[in-house]
Every structure is written in structure tokens, then in C-alpha cells.
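Bear in mind that the values in this text are calculations on the coordinates, not laboratory data. Values in this document were obtained by computation on a predicted structure and should not be read as measured data. Cβ: placed from backbone, ideal geometry, glycine included. Neighbour counts: every protein chain shown.
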Amino acid sequence: MGTEGVAVMSPAKAGAAREDCPWVKALAGKFIVFEGPDGSGKTTQYRRFADLARAHGLGVCEVREPGGTAISERIRDVLLDVNHDEMSVRCETLLYMASRAQLVAERIVPALAKNELVVADRFVSSTLAYQGAAGGMREDEIMHVAKVACGDVWPDLVVIFDVDEQTAAHRMGLLLDRMEAKGSAFHRRVRDGYKHQAMAEPGRHLLIDATAGEDEVEGEFLGALRGWVER
């Protein structure tokens, strides 16, 4: 699965696609994760999609990682603090999973029990890409801890917004947190890690070319998501 040869949608067509989405109602009770390298625009698309789902009558639970609960936000502050350069990748992994465990218990499980659509800005796929592919942690070790943290709660779909390092760096600007400031080689491995996940499980992933403008990316995403819903 790749992003080459993706057709670019005009803003007018993207707007039309946004209005014509009755199929979104079929996502009630689903858990969808928005992923991608820093600077991919995933958070923008996550927010736009949450608004779209609400406009079509769905109950929506929005969560972000790390964070989303009082405890998880405290962990986020530790993880992203630029003064914590000495933090090991194993410590990072366990802190992310601790934040995730609280988020699953406090927010995600109750929302799914109410048949709400859960949309998450990052989840386990981020750990596999950042601490795994880029940081050197073994995938089996990450997945073992993820099972402890998440139990049987797992995304129905992971949407990966793919972007090259140059475009991502331009979007991020100069004010970087500890993870964003790890350098181009690190972020290249992150991107490769995401692509590997998408290719390994194509049925559970959508890989979206995120180099275009917000409307064009949204149009491609909604078209791909509709195909996933209706397959």
C-alpha cells in the first residue's frame, strides 16, 4: 500500500463529499484512531471528522494521547518535557502505556458501552512507530505491554496520514516538544514504521497522502473511509 498516484480532490469536491456522508451513521460504536508523523495534519483531520460525525447525529467521544484524563495529562507533561533528555525508550513506552491504560478505563470503555463513536488522536500504533521502529523497542515487547494496558479494547480502524519529512518540518515550525525535536533520521524511521503497519494489516488501516491541503486530504480520507464502511 502506498501513496503514489493519489488523485487530488478540488476544494469544491471536498466540500461536497463532506456534506454527502449518511454512511457515517454506520460508525456508531466504532473506535477509530488517527495516526501519522508529527506535522502530518492528523489532528486537524481528527477534529474535522469529529465535527462531521456530530453533524450527522452521532455521539462522539474525542480522546488524545498521551492525555485525555487528569492522570494521563500529568503523564503527558512528563513525556513531552524538553528537559527530560535522559528518558530511556523503555521508560517512554511504559509511561505512554500507563497513560493509555487510564484513558481506556476512564473514557474509551464507557463511550463504547454507550454506542458512541470513539475517535482518538494516537493510540498503540504511535508506540509501535516512535518507540518501536524509530526507538528500537521490539514489537513483541510493545504488544505485550499494550495487551496489559488495553485488554481487549482495540481500534476497529487506524487511519495513517502520511507525509514526507520536509513537509512535516515546515508545518511544525520552531516550537517543538521533546518527541518532535528528535531529528530528521528519527522521523524518517517513524514514517517507515507507520507504512510497515499499514502494509502488514491493510484491512485495519487506511494510508492517506497528507501532503496536500486540508480540504483535499479530507476528501481523500472520507472517500477511503466510505469504502471501508461499505465493503
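Dipole of the range 11-230 computed with +1 at Lys/Arg Cβ and -1 at Asp/Glu Cβ about the Cα centre; of 213, 187, 55, farthest Cα towards the positive end is 55. Peptides 53-64, 204-215, 138-149, ordered by how many other C-beta atoms sit within 10 Å of their residues on average, highest first, read 204-215, 53-64, 138-149.
Counting neighbouring beta carbons within 10 Å and listing from fewest to most, the residues 51, 156 come out as 51, 156. Neighbour counts of C-beta atoms inside 10 Å place 127, 167 in the sequence 167, 127, starting with the fewest.
In a reduced charge model with +1 at each Lys and Arg Cβ and -1 at each Asp and Glu Cβ, the chain shows a dipole moment near 460 debye about its Cα centre. Across the chain, the relative contact order, built from alpha-carbon pairs under 8 Å that are at least six residues apart, equals 35 percent. Normalised radius of gyration (Cα atoms, divided by 2.2 N^0.38 Å) for the range 97-207: 1.13.
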